[in-house]
Amino acid sequence: MQTEKATFGAGCFWGVEESFRNVKGVLSTSVGYAGGRKDHPTYQDVCTDRTGHAEVVEVEFDPSQVSYDQLLDVFWANHNPTTLNRQGPDVGTQYRSVIFYHSPEQEAAATASKEKLEKSGRFIRPIVTQIEPASKFWRAEEYHQHYLQKRGQSHCAV
């Protein structure tokens, strides 16, 4: 079986992970940090908003069961891509909307998907989602992995 990785940042990684975890064809999810300047960042480091990292979910998936385009649909449906460096009450660059692509095909799909959504009129404000090459993924501390599932929750309560 050939698998692929996809990496998405869409606010607090607990809820983002949960939105991908039960998608048919998703084999595993891990929360962590990407896009920053510090090696081996901790949650406390990233929360300072000085490392440049985003809270992200790395998704391992079977493309014969779920397409990257379908994962993009899940990404767009589960956050507000028009708020710069924030989702709900969470504010800071670590909560930015970002797609880290792992191949030229993913870059093209992400760009096309964003352009299609912009033209759809679904959002009044411009989409601020960044599309960047995948950088080093730093796995978050174990207590963050499957955080909501461990607590019997399906979404973050605000």
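The values are calculated or read from the model by the stated rules, or taken from the named source; none is laboratory data. As the structure is a prediction and not an experimental result, all values here were calculated from the model. Virtual Cβ from ideal backbone geometry, glycine too; neighbours counted across all protein chains shown. Just the protein is used for accessible areas: all its heavy atoms, side chains included, with ligands, DNA and RNA removed. Shrake-Rupley method; radii C 1.70, N 1.55, O 1.52, S 1.80 Å.
So here's what we get for this one:
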quantity: LEU72, sole failed condition from (1) open to solvent by less than 20 Å² (accessible area, probe 1.4 Å); (2) free of Cβ contacts under 8 Å to residues at least 24 places away in the same chain; calculated: (2)
quantity: Within segment 111-128, considering residues that are farther than 22 Å from ARG86 by Cα and surrounded by 11 or more Cβ atoms within 10 Å (Cβ to Cβ), the one farthest from the chain's Cα centre (by Cα); calculated: LYS116
quantity: Top-ranked residue of segment 1-39 - restricted to ones that are part of a loop (DSSP other than H, G, I, E, B) and among the aliphatic types (A, V, I, L, M), ranked as least open to solvent (accessible area, probe 1.4 Å); calculated: VAL23
quantity: Positions within segment 85-110 being open to solvent by 50 Å² or more (accessible area, probe 1.4 Å), modelled with pLDDT of 95 or more and not acidic (Asp, Glu), in sequence order; calculated: HIS102, PRO104, ALA108
quantity: Count - residues of segment 134-158 that are farther than 18 Å from TYR43 by Cα and in contact with a strand residue (DSSP E or B) (Cβ under 6 Å, 6 or more places away or on another chain); calculated: 1
quantity: Identity of the residue in segment 46-60, touching a residue at least 12 places away in the same chain (Cβ under 8 Å) and more than 14 Å from the chain's Cα centre (by Cα), that ends up surrounded by the most Cβ atoms within 10 Å (Cβ to Cβ); calculated: VAL46
quantity: Residue ID - nearest to CYS12 (Cα to Cα), chosen from residues in segment 127-143 that are in contact with a helix residue (DSSP H, G or I) (Cβ under 7 Å, 6 or more places away or on another chain) and at pLDDT below 95; calculated: ALA140
quantity: Residue identified as at negative phi and touching a strand residue (DSSP E or B) at 6+ places or on another chain (Cβ under 8 Å) among SER97, SER67; calculated: SER97
quantity: Helices (runs of 4 or more DSSP H) wholly inside segment 41-158 that include at least 1 residues being among the basic types (Lys, Arg); calculated: 104-120, 147-150
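Residue-by-condition table, conditions (1) at pLDDT below 95; (2) farther than 22 Å from THR111 by Cβ:
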| residue | (1), (2) |
| --- | --- |
| ALA6 | no, no |
| GLY11 | yes, no |
| GLY15 | yes, yes |
| LYS24 | no, yes |
| SER30 | no, yes |
| GLY35 | no, no |
| GLU55 | no, yes |
| PRO63 | no, no |
| PHE75 | no, no |
